[in-house]
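The block underneath contains the structure these notes are about, expressed in structure tokens.
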Amino acid sequence: MIRSGLLLLLLAGMTQGVEAAPPRQVVILVDNGYPPYSYEKDGRAEGVYNEVLREASQRLRDYRIDLRPVPWKRGLSELEAGRAPALSPPYYRPERDYMGYSAPFWQEQLAVYCRADIMRAPRPHWPADFLGLRFGNNAGFRPGGKAFWLAVQRGEIQLDEAPDTQGNLLKLINGRIDCYLNDKLSILYVLERLQRRGAISAEQRGGLAVAASLNGEQAYVGFAKRGQQRFPYLDDFIRQLNAVLGQMKREGRIAAIVEQTLRAAPP
């Protein structure tokens, strides 16, 4: 009995001496210029998608997410080279053979905004009725579908890129481009902020018109296919992240975070 008691005490001491391994930090590069979904403010990753990932990070068992805002094109380059494990929030593009994808966690709605004078005559057919126009685009983004980008390649639509939504909207208002294609919520959000700051007038904002509504894009977290040797934990991290994001969607938490983040956003 004495020996048994001593053995139990020794085992208890050994168990207490073994500490659980701390969660592994996983870097996710995030777009620094895509409000209200993902942007940088005072060096911090802000926006709807980043708040979703922060809550997901707290729910993960073995990992914690480190969000690092970067220009979108740089994020794509880092992922393609395998120097970064993950990037948020890409749309699904099968031609990006260097990128794997999480489960989708939010649905965006794409819209084409043009100057009102461009829309004096209706343009019901996308993109055939928009040939000959100059479009703004966020650098590194490829919205609009295959027919749109084929027209760009043929020179039937001119493309003028800017780093972010604000830059493109200012070019549109100032007449440097004819139309701009992006997520509708992002466009409305940035227009509202520009007007509240006095950067544009109500009359200038009213000079824009919704020219077309297109099929929405889904948001994902992208993962480096060529980073498996450098980041051997990626497959397990993706499995855990997908499980957490799925649970958050079922609970209605992602929709609630979207609403809360937009309501609390400063002008």
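The values are calculated or read from the model by the stated rules, or taken from the named source; none is laboratory data. These numbers were taken from a predicted model, which means no experiment stands behind them. Methodologically, a virtual Cβ is constructed for each residue, glycine included, from the backbone with ideal geometry; neighbour enumeration extends over all protein chains shown. What goes into the accessible areas is simple: the full protein's heavy atoms, side chains included, and nothing from ligands, DNA or RNA. Shrake-Rupley method; radii C 1.70, N 1.55, O 1.52, S 1.80 Å.
Results for (1) surrounded by fewer than 21 Cβ atoms within 10 Å (Cβ to Cβ); (2) modelled with pLDDT of 95 or more; (3) touching a helix residue (DSSP H, G or I) at 6+ places or on another chain (Cβ under 9 Å), shown as yes or no for each residue.
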site	(1), (2), (3)
P85	no, yes, yes
E95	yes, no, no
L110	yes, no, yes
Y113	no, yes, yes
H125	yes, yes, no
G140	yes, no, yes
A147	yes, yes, yes
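Yes/no matrix, rows are residues, columns are (1) surrounded by 15 or more Cβ atoms within 10 Å (Cβ to Cβ); (2) among the charged types (D, E, K, R); (3) more than 30 Å from D62 (Cα to Cα); (4) touching a residue at least 40 places away in the same chain (Cβ under 8 Å):
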| residue | (1), (2), (3), (4) |
| --- | --- |
| K171 | yes, yes, yes, no |
| Y189 | yes, no, yes, yes |
| E203 | no, yes, yes, no |
| A224 | yes, no, no, yes |
| F237 | yes, no, no, yes |
| L245 | yes, no, no, yes |
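If you filter the range 97-107 down to residues that are open to solvent by 60 Å² or more (accessible area, probe 1.4 Å) and under 16 Å from the mean Cα position of the chain (by Cα), you find that the one that is farthest from D178 (Cα to Cα) is W106. I'd like to check something: does the range 205-218 contain any residue that is among the charged types (D, E, K, R) and open to solvent by less than 10 Å² (accessible area, probe 1.4 Å)? Scanning the range 205-218 turns up no residue that is among the charged types (D, E, K, R) and open to solvent by less than 10 Å² (accessible area, probe 1.4 Å).
Does R64 qualify as being modelled with pLDDT of 95 or more and part of a strand (DSSP E or B)?
The answer is yes for R64.
Reported count of residues in the range 108-149, each being under 24 Å from the mean Cα position of the chain (by Cα) and of a type in the set (A, V, I, L, M), is 5.
Report yes if A45 is in a helix (DSSP H, G or I) and aliphatic (A, V, I, L, M), otherwise no.
Spelling it out, it is not the case that A45 is in a helix (DSSP H, G or I) and aliphatic (A, V, I, L, M).
For the range 39-60, the candidate set comprises residues that are within 18 Å of R253 (Cβ to Cβ) and either of a type in the set (F, W, Y) or in contact with a helix residue (DSSP H, G or I) (Cβ under 6 Å, 6 or more places away or on another chain) (or both); within that set, the residue that is surrounded by the fewest Cβ atoms within 10 Å (Cβ to Cβ) is R59. Selection of strands (runs of 3 or more DSSP E) fully inside the range 156-218 by the criterion of at least 3 residues being in contact with a Gly (Cβ under 8 Å, 6 or more places away or on another chain) returns 158-162, 179-183.
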